[in-house]
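Please treat every number below as a calculation from the coordinates, not as lab data. This is a predicted model, so every value here is computed, not measured. Don't worry about glycine lacking a Cβ; one is built from the backbone with ideal geometry, like all the others, and counts go over all protein chains shown.
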Amino acid sequence: MPHDFVQSVVDDFSEVDKLIYESLSSRIPLVKQIAGYLIEAGGKRLRPLLVLLCAKACGYEGRDHIKLAAVIEFLHTA
């Protein structure tokens, strides 16, 4: 992530990836395959990044922005 403003949320961004992976764990092979695709494809993940940056810009100090960023990514991928 090349920009300083992105570096400011890089740890939170990693937590979003972790939450996505954990949320999609399943004994059903297709669900595991989709989870792997979401994590490995990565992409820009602009929507979750915007959630994290907005939370930081607003001075939010909780942890719910991680969940919200993951939900936004799920909705985008659906």
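Would you point out the residue of region 50-59, among those that are touching a residue at least 40 places away in the same chain (Cβ under 8 Å) and either on the phi > 0 side of the Ramachandran plot or in contact with a Phe, Trp or Tyr (Cβ under 7 Å, 6 or more places away or on another chain) (or both), that is surrounded by the most Cβ atoms within 10 Å (Cβ to Cβ)? Once the filter is applied, the top-ranked residue is L52. R45 fulfils the conditions (1) surrounded by 14 or more Cβ atoms within 10 Å (Cβ to Cβ); (2) at negative phi except for a single criterion, (2). Scanning region 1-31 for residues that are outside any helix (DSSP H, G or I) and surrounded by 11 or more Cβ atoms within 10 Å (Cβ to Cβ) gives M1, S8, V9, L24, S26. Among the residues of region 60-78, the one identified as part of a loop (DSSP other than H, G, I, E, B) and surrounded by 12 or more Cβ atoms within 10 Å (Cβ to Cβ) is Y60.
Among residues of region 1-25 that are farther than 16 Å from F74 by Cβ and touching a residue at least 24 places away in the same chain (Cβ under 8 Å), none has a beta-carbon under 8 Å from a residue that is part of a helix (DSSP H, G or I) and of a type in the set (D, E) at least six positions away or on a different chain.
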